[in-house]
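Have a look at the structure below before the remarks.
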Amino acid sequence: MGGENILEGPILDENKLFEEMLGKTILLVTQSKQLSILGQTFRPIFTGKVVKVTNGYLTLNPVIIKMHNAPFYKFPTPLSFPFEHISLFTEFDMDRKIPLI
């Protein structure tokens with residue numbers, strides 16, 4: 001049945017809005033003002049396809065990190081984001097260009 005995960009149980013009602021994004025591409029922004037990876041500091045803006053949702057996090061794969069000097073950096077592995085650190089998410093066309101000023 002939809003929303004069932006043998007190891008983690010059914011998706012709670014308050015997490016259904018994340019479950020509705022399964023299989024869709026989204027733009028996701030986390031609460032941090034900036035992050036750092038591979039020596040690059042960037043705003044916490046990500047795009048990707050939602051491939052997994054549990055009662056604690058959602059996973060994007062592939063995931064594109066929107067860095068100023070590499071706006072289409074494809075992260076080599078899936079990334080999981082805890083719900084409590086997500087400040088915004090919305091459906092998004094992965095081909096759309098957004099200015100990073």
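For residue 65, are the conditions met, namely being in contact with a Phe, Trp or Tyr (Cβ under 9 Å, 6 or more places away or on another chain), modelled with pLDDT under 90 and open to solvent by less than 40 Å² (accessible area, probe 1.4 Å)? Let's see the steps before the verdict.
Numbers: in contact with a Phe, Trp or Tyr (Cβ under 9 Å, 6 or more places away or on another chain): yes; modelled with pLDDT under 90: yes; open to solvent by less than 40 Å² (accessible area, probe 1.4 Å): yes.
So residue 65 fits the description; yes.
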Restrict the check to region 75-85 and report whether at least one residue is among the aliphatic types (A, V, I, L, M), open to solvent by 70 Å² or more (accessible area, probe 1.4 Å) and assigned to a strand (DSSP E or B). no
Pairs returned, first residue in region 52-74 that is aromatic (Phe, Trp, Tyr), second residue that is part of a strand (DSSP E or B), beta-carbon separation under 7 angstrom, 6 or more apart or interchain, are 57/80; 57/81; 57/82; 72/64; 73/64; 73/65
Picked from region 16-44 (must be more than 15 Å from the chain's Cα centre (by Cα) and among the basic types (Lys, Arg)), the residue surrounded by the fewest Cβ atoms within 10 Å (Cβ to Cβ) is 33
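Based on this model, can you work out whether residue 52 counts as open to solvent by 80 Å² or more (accessible area, probe 1.4 Å) and of a type in the set (D, E, K, R)? Write out each step before concluding.
Details: open to solvent by 80 Å² or more (accessible area, probe 1.4 Å): no; of a type in the set (D, E, K, R): yes.
In short, no.
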| request: Consider residue 47 carefully, then state whether it is free of Cβ contacts under 8 Å to residues at least 60 places away in the same chain, closer than 24 Å to residue 10 by Cα, of a type in the set (S, T, N, Q) and surrounded by 12 or more Cβ atoms within 10 Å (Cβ to Cβ). | output: no
When every residue in region 86-101 that is modelled with pLDDT of 80 or more and charged (D, E, K, R) is compared, the one least open to solvent (accessible area, probe 1.4 Å) is 93
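The values are calculated or read from the model by the stated rules, or taken from the named source; none is laboratory data. Here the structure is a predicted model, which is why all the values come from computation and not from measurement. When we count neighbours, we look across all protein chains shown, and the Cβ atoms used for this are built from the backbone with ideal geometry, even at glycine. Please note that ligands, DNA and RNA were not included when accessible areas were found on the heavy atoms of the full protein model with its side chains. Shrake-Rupley method; radii C 1.70, N 1.55, O 1.52, S 1.80 Å.
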